Amino acid sequence: MASKPPNLIPQNPITKPEDPGGAVVLERRTQRTRPPKMHQVVMLNDDYTPMEFVVIVIQEFFSKDLETATQIMLKIHLDGRGVCGVYTKDVAATKVNQVLDAANKAGHPLQCVSEPVDS
Ligand code: TYC
């Protein structure tokens with residue numbers, strides 16, 4: 001697999017050698033880093049996981065209040081999938097593991113995945 005380019009935006013030189021007076025001209029550096037690519041945690045519907053369990057999981061791992069968690073759960077139930085939160089790649093992966101771990105321990109088939117946000 002090809003390696004990713006470094007997370008840098010090209011910079012202007014910090015001095016201008018052609019400056020006529022020979023003075024050193026400092027220029028403000030342009031922005032050096034890009035914000036990290038974000039990943040959304042998508043939860044998937046199934047026919048067996050209880051609605052109440054999904055609502056608790058969304059509240060607990062995605063810091064949503066009861067009303068918001070219920071709305072997200074119902075969206076997943078009706079549409080087949082729904083976004084529970086958007087995070088950096090590592091945090092999104094941790095959230096997926098937390099959800100799958102809680103579902104396995106409770107004996108439910110609940111699934112969720114992390115996917116890059118297209119921007
Ligand atoms: N469809 C499930 C039911 O009717 C509820 C459910 C909602 C399951 C969201 C998973 O991600 C899910 N009990």
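The values are calculated or read from the model by the stated rules, or taken from the named source; none is laboratory data. Quantities reported herein were computed from a predicted structural model and do not represent experimental measurements. All Cβ positions, glycine included, derive from the backbone under ideal geometry; neighbour counts span all protein chains shown.
What the table below lists for this structure:
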| read-out | value |
| --- | --- |
| Condition met for ALA106 (of a type in the set (Gly, Ala, Ser) and over 15 Å from LEU44 (Cα atoms)) | yes |
| Hits in the stretch 36-64 (condition: among the charged types (D, E, K, R) and exposed (fewer than 14 other Cβ atoms within 10 Å of the Cβ)) | LYS37, ASP47, GLU52, GLU60 |
| Some residue of the stretch 66-73 being part of a strand (DSSP E or B) and more than 10 Å from the ligand (Cβ to nearest atom) | no |
| Failed item, numbered, when VAL86 is tested on (1) away from the ligand (no atom under 12 Å from the Cβ); (2) touching a Lys or Arg at 6+ places or on another chain (Cβ under 7 Å); (3) not charged (D, E, K, R) | (2) |
| Filter result for the condition that a residue is out of contact with any Ser or Thr (no Cβ under 6 Å at 6 or more places or on another chain), surrounded by 10 or more Cβ atoms within 10 Å (Cβ to Cβ), of a type outside the set (Gly, Ala, Ser) and modelled with pLDDT under 95, over THR70, THR15, THR33 | THR15 |
| Close pairs (9 angstrom Cβ cut-off, 6 or more residues apart or separate chains): in contact (Cβ under 8 Å) with a residue 40 or more places away in the chain and of a type in the set (A, V, I, L, M, F, W, C) in the stretch 66-87, part of a strand (DSSP E or B) and away from the ligand (no atom under 12 Å from the Cβ) anywhere | VAL83/GLN40; CYS84/GLN40; VAL86/MET38; VAL86/HIS39; VAL86/GLN40 |
